[in-house]
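Report on the structure given below.
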Amino acid sequence: METTADTRPRQAGARAENGGARSAQAEARPAITDAQLRQAEARMAAQRTAGPCAASARHDRAAGRIVIVLQNGVELSFAPHLAPALAQAGPDDLDRIEVAPSGLGLHFPRLDADLYLPALLAGVLSPWAASLMGKAGGARTSTAKAAAARANGCLGGRPRKQGGG
C-alpha cells in the first residue's frame, strides 16, 4: 500500500482517472451526518438555556476592564490580565470584541483570541464562591462544635508551641 497526498490509503499502482484527485462524490460528502447535526444543535440549545449568554461586550478604557452584558441584563466586568489570552494585550487590541452568535464566546480579532464565557465565569466566580462557602462553613455553629470548644477551654485552651525554631 502507498499513501496519497490526502493520506487515504490506496492500492499500489492504482491510478484514478482524474490523476489521483478526489472524486466529486467524495468532495460532496458532508463531514457530519444530519443526525449528528441535529444532536449538536440540541446540545447548543440546551447550553443556551442552561447558562448565561453574552448579549454584548466592550472594552472600558477608562476602567481598564472588559465589560460583558448578559442576555438577562446582568453586567459583569473583569480586568483583562485575569484571562491568560488577554494578559499581554494593549488597549488597542481590546477595543474590538465580537460576541459569538451563540452568545457563549467572545472573540478578539486583533489578538486572534477567543474566550468561552462559561469557562470565564467559572474561573472568575469560582474563587469568590469558594471563599463565601468557606466563610459560611467556618461560621456554622453546632452542638458538637460548642462541646469541643468548652472541652478545649477546660483544658486550658490551645496548647502552646514548644520552643525551637
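In the set (1) part of a loop (DSSP other than H, G, I, E, B); (2) among the polar types (S, T, N, Q); (3) at pLDDT 80 or above, the condition left unmet by Thr141 is number (3). Residues that are at pLDDT 90 or above and among the small types (Gly, Ala, Ser) within segment 75-84 comprise Ser77, Ala79, listed in sequence order. Selection of first residues in segment 88-106 that are polar (S, T, N, Q) and of second residues that are assigned to a helix (DSSP H, G or I) and surrounded by fewer than 18 Cβ atoms within 10 Å (Cβ to Cβ), restricted to Cβ pairs under 8 Å at least 6 apart or on distinct chains, gives the following pairs, ordered by first then second residue: Ser102/Met44; Ser102/Gln47; Ser102/Arg48.
Among the residues of segment 144-156, are any touching a helix residue (DSSP H, G or I) at 6+ places or on another chain (Cβ under 9 Å), outside any loop (DSSP other than H, G, I, E, B) and either β-branched (Val, Ile, Thr) or at pLDDT 75 or above (or both)? Looking for residues that are touching a helix residue (DSSP H, G or I) at 6+ places or on another chain (Cβ under 9 Å), outside any loop (DSSP other than H, G, I, E, B) and either β-branched (Val, Ile, Thr) or at pLDDT 75 or above (or both), one finds none in segment 144-156, hence no. Annotation note: of Leu94, Leu115, the sole residue that is surrounded by 13 or more Cβ atoms within 10 Å (Cβ to Cβ), within 24 Å of Ala45 (Cα to Cα) and either modelled with pLDDT of 80 or more or in contact with a Pro (Cβ under 6 Å, 6 or more places away or on another chain) (or both) is Leu115. Restricting Ala89, Ala100, Ala57 to residues that are under 12 Å from Leu120 (Cβ atoms) and either surrounded by 12 or more Cβ atoms within 10 Å (Cβ to Cβ) or not small (Gly, Ala, Ser) (or both) narrows the list to Ala57. Among all residue pairs at least 6 apart or on different chains, which show Cβ distances below 9 Å where the first residue, located in segment 58-71, is touching a residue at least 12 places away in the same chain (Cβ under 8 Å) and the second is basic (Lys, Arg) and part of a strand (DSSP E or B)? From residues that are touching a residue at least 12 places away in the same chain (Cβ under 8 Å), the pairs are His59/Arg65; Ile66/Arg58; Ile68/Arg58; Val69/Arg58.
The values are calculated or read from the model by the stated rules, or taken from the named source; none is laboratory data. No experiment lies behind these values; they were computed from the predicted model shown. Ideal geometry is used to build each Cβ from the backbone, glycine not excepted, and the neighbour counts take in all protein chains shown.
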